[in-house]
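The values are calculated or read from the model by the stated rules, or taken from the named source; none is laboratory data. Predicted model only: the values in this text are computed from it and were never measured. Reconstructed Cβ throughout: ideal geometry from the backbone, glycine too, with neighbour counts over all protein chains shown.
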Amino acid sequence: MAVIKARTEFASALNQVCAEHNIELEVLLSSIKEALLAAYRRDFGIDEEKEYEAEIEPKTGESHLFLVEGKKKKEITPPGFGRIAAQVAKQVLIQKIREAEKSSVLTEYAKKIGTLVNGRVIRFEGPNIVVDLDRAEAFMPRSEQINSESYNINQRYVFYVKGIETLEKGEQVIVSRADKNLVEGLFKREVPEVSSSAVKVKEIAREAGNRTKIAVLSSQPGVDPVGSCVGQKGVRVQAVINELNGEKIDIIQYSEDPVKFITGALSPAENVKVEINEKLKTAVVSVPEDQLSLAIGKDGQNVRLAVKLTGYRIDIKEGEKKKETTKEKKEVKEKKTKKKEVKKEVEKKVEKKETKESKKVGKKAKEIKKTKEEKPVEKKKED
């Protein structure tokens, strides 16, 4: 990088700006010259058909304007233009510093693409949200927001750095809350086995704000991939769910066998039978009647996520009702007979009990009657 070898105030300022913000001296001087010509055009007017040139002395900051006529240059610097030149130089320096800082920030966040950052919502621009990342402002478009989340000013979230895009205001850092990689990043943060690659996240299917299915695989023997992600008493997966404001997460074990993988992807449905066509990437799944609603899910969400996760087009149908075997029929008949016998036995006991009670009542009634009959006889004797 070029340096001005002079001890003047102007030269020192240029050198400092160039060194601190990694700006080339030639670029800075060229920008100042262009700004001087623009200032002259604004204040004094120029003939657009003629060629003009600005020069600046790097050591002193003294500026001159020339009208170029062929190979000759005619100085046209107006009186008092030095004050204007000083203001212009100051504005250019400030602008270049800002541009250099923005470029530095963009370079820094370009290295963070694919990682998680903490940020704070600071303002809304239409349906889009501007997020403060401490050193920079990021942009979260409507498509990267979770529909079920209500964003408020000064609210803090974890964001996924998706990339850098050129928008109306120039290049902007784009962050997301809806990207499926946000879930993977949260598991890396909460699960040491995932961050150390002992457990690998193979596939993720997500409907942001509602539900996510994540397929994991162990790369080390003796490590349970699903158990590692769930954690003791579910503490690890619960931390991820809390960060996503209650979004449901299904963790399944990845398998190279598509039948096993599809069976797992359709959980919590059980006892499913899968027939696949690897060429057409299709699968026909037979599900018991009582598991049908679980396999399909609310509004078809469960099977939709399973399709995204496995890459197979899944057709779910109700399984055939199981035919009773002779043995099962016999067992059913025996159960019915046993129930009848128990019922009869109970009825006999009740009948026997009722007979005993009726005999007691009859005996008591006779005693009362006998007592009544004896009382008048005793009275007659007394008379």
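Considering only residues that are touching a helix residue (DSSP H, G or I) at 6+ places or on another chain (Cβ under 9 Å), of a type outside the set (Gly, Ala, Ser) and in a helix (DSSP H, G or I), which ones fall in the stretch 207-234?
225, 229, 230
Kindly provide the set of residues from the stretch 159-182 that are crowded, with 22+ Cβ neighbours inside 10 Å and part of a helix (DSSP H, G or I), ordered by number.
If the condition is that a residue be crowded, with 22+ Cβ neighbours inside 10 Å and part of a helix (DSSP H, G or I), then 182 is the only one that fits.
Within the stretch 139-152, can one find any residue that is assigned to a strand (DSSP E or B), among the hydrophobic types (A, V, I, L, M, F, W, C) and over 30 Å from residue 104 (Cα atoms)?
Within the stretch 139-152, none of the residues are assigned to a strand (DSSP E or B), among the hydrophobic types (A, V, I, L, M, F, W, C) and over 30 Å from residue 104 (Cα atoms).
With the stretch 22-112 as the region, which strands (runs of 3 or more DSSP E) entirely inside it contain at least 1 residues that are in contact with a Lys or Arg (Cβ under 9 Å, 6 or more places away or on another chain) and aromatic (Phe, Trp, Tyr)?
Output list reads 51-56, 63-69.
What number goes with the only condition from (1) farther than 15 Å from residue 304 by Cα; (2) small (Gly, Ala, Ser); (3) crowded, with 18+ Cβ neighbours inside 10 Å that residue 265 does not pass?
In the conditions (1) farther than 15 Å from residue 304 by Cα; (2) small (Gly, Ala, Ser); (3) crowded, with 18+ Cβ neighbours inside 10 Å, residue 265 misses (1) alone.
Anything in the stretch 1-31 that is among the acidic types (Asp, Glu) and modelled with pLDDT of 80 or more? List them, or say none.
If the condition is that a residue be among the acidic types (Asp, Glu) and modelled with pLDDT of 80 or more, then 26 is the only one that fits.
Taking the residues in the stretch 235-262 that are part of a helix (DSSP H, G or I), crowded, with 16+ Cβ neighbours inside 10 Å and of a type in the set (D, E, K, R) as candidates, determine which candidate is nearest to the chain's Cα centre (by Cα).
Within the stretch 235-262, the match that is nearest to the chain's Cα centre (by Cα) is 243.
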